[in-house]
Each structure stands twice: as C-alpha cells, then as structure tokens.
Amino acid sequence: MKHEVLYQGAFALLKLQLNAGETIKAESGAMVSMSPNIDVKGTMDGGIMAGLGRMMSGETFFFQELSANRGGGEVLLAPKSMGDIQAVELDGTYRLFVQKDGFLGGTSGIQVNTKMQNLSRGLLSGEGFFIIEISGSGTVFLASYGSIHAINLAPGEERIIDNGHLVAWPDYVNYNVEKASKGWLSSLTSGEAIVCRFRGEGIVLIQTRNPSGFGSWIKRFIPMR
C-alpha cells in the first residue's frame, strides 16, 4: 500500500493509495477524506474484550475499517492532536508498545491489543496500567504530539526519558519506571517526577511535546469562575 505523510511536523496528514481489495484499519474518527468507491465501517477487531482493553489503554472501543472493495482509491487520515505521523514496518518477529493516543492506523496484517503493565509501572508512569501492544506483519502508522524523534540505543546503552514524551518502543528493549531524582521531593520539584529508563539495543520513538505539559500551560489562560 502506497503512503505519504503530508505537512510533516505540527499538522501532519496521512495519504494512502489503496489498490483494489486492500483494507486499512484506523482510529475511530481518523478519516478526513476518501474516494467514493472506498467503503468505511466500524469494527471491534478482536471482539468485546479486546475493545474494552483498548478503552482501558486510552484508545477507542471501535476502529474504522476502510476497504477498496469497488476498485482502488485514496484515503486521507489525521490524528486528533497537533503533531507528526510516522510509519513503522513490522515483520512479525517482535511487538511494538505504544502509549495511548499513539495508534493512528495499520494495514490488514496488524493486530492491536493491550498489555497490562505491572503494578509499580502502572501507578508510577501516569499512563495507567495498560499500554497498546501492536503485533503482526505490515505497516503501523503512529501519531504524536509534536514531531517524532528516534533515539537509537546501542547494546547496553541506557537513556532516561520523560514518560510524557514517549511514543513507541519494541518489546525487546528493557525499561523501568523510576523517580527522576533520588528523593520524591526533589523529583516533584524538578518538574519531572517520573521517568522511564530504557536499556538497548533498539529504537525508542519520542515526541517533542508533552500533552500534559500543554494542558497545564493552557489552564493558566482559562478564567476561573
């Protein structure tokens, strides 16, 4: 399936060219425009339990399924937030972990499920006990808040990343959730509080802006009644 990311950066748009018989699965409400011979329907993809699991991870219960059943055509998709879009190719040998709101779409060979984090990770990360788990073979389209930057970790190399800036990472990269500083008071007053420590080898995708940080900033300008 041919794809192109238009207007990369703050207001990216995903352009897909579907051949006859091809199908793309997307986040609910992601379709911006499509050719008249493209069919769209809602699907749970995996059943009720899978849908409930996605809701717990911050995603929608239903997906959009856009199919070129009546000949090839074009589809335009856009994420909810202001940010970039990046394609990741999966070959079926590993799973991709994605933070909430990070999944925009995927080709027909992609499965989207949820993974439960352990108790400490769920409590400390601020992202909850569930994260998105993507497996299978095909192309995954990820969305971010801000631009996407890849951090390439060499074998044994460690990198500390603010949890609010995470987008996606492969399952073979080890990570732990921990305090930003040695003490809780110092961690909280630093403005970082909780971070994730990754250990390579592998690629971790991060976003250049933090949605929670933007939410706190914009609240300053909302009049209090």
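Annotations
- Here the condition is being modelled with pLDDT of 90 or more, β-branched (Val, Ile, Thr), crowded, with 20+ Cβ neighbours inside 10 Å and part of a strand (DSSP E or B); of Val75, Val40, it holds for Val75 alone.
- The set of residues in segment 84-105 being acidic (Asp, Glu) and either surrounded by 19 or more Cβ atoms within 10 Å (Cβ to Cβ) or assigned to a loop (DSSP other than H, G, I, E, B) (or both) consists of Asp84, Asp101.
Here's the yes/no breakdown for (1) of a type outside the set (A, V, I, L, M, F, W, C); (2) assigned to a helix (DSSP H, G or I); (3) modelled with pLDDT of 90 or more:
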site	(1), (2), (3)
Tyr175	yes, no, yes
Lys182	yes, no, no
Leu188	no, yes, no
Leu205	no, no, yes
Gly213	yes, yes, no
Ile222	no, no, no
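- Filtered by the rule that a residue be at pLDDT 95 or above and part of a loop (DSSP other than H, G, I, E, B), segment 8-20 gives Ala12, Asn19, Ala20.
- Restricting segment 113-137 to residues that are buried (at least 20 other Cβ atoms within 10 Å of the Cβ), in a strand (DSSP E or B) and more than 11 Å from the chain's Cα centre (by Cα), the residue that is modelled with the highest pLDDT: Thr114
- The single residue among Ser81, Ser108 that is modelled with pLDDT under 95, under 22 Å from Gln207 (Cβ atoms), surrounded by 15 or more Cβ atoms within 10 Å (Cβ to Cβ) and of a type outside the set (Asp, Glu) turns out to be Ser81.
- Lone qualifier among Gly58, Gly46, Gly53 - being at pLDDT below 95, over 18 Å from the mean Cα position of the chain (by Cα), surrounded by 15 or more Cβ atoms within 10 Å (Cβ to Cβ) and not in a strand (DSSP E or B): Gly46
- Of residues in segment 61-84 being among the charged types (D, E, K, R) and more than 19 Å from the chain's Cα centre (by Cα), the one farthest from Arg209 (Cα to Cα): Arg70
- Unmet criterion (only one of (1) touching a strand residue (DSSP E or B) at 6+ places or on another chain (Cβ under 8 Å); (2) at pLDDT below 75) for Arg209: (2)
The values are calculated or read from the model by the stated rules, or taken from the named source; none is laboratory data. Predicted model only: the values in this text are computed from it and were never measured. Neighbour counts run over all protein chains shown; Cβ positions are idealised from the backbone, glycine included.
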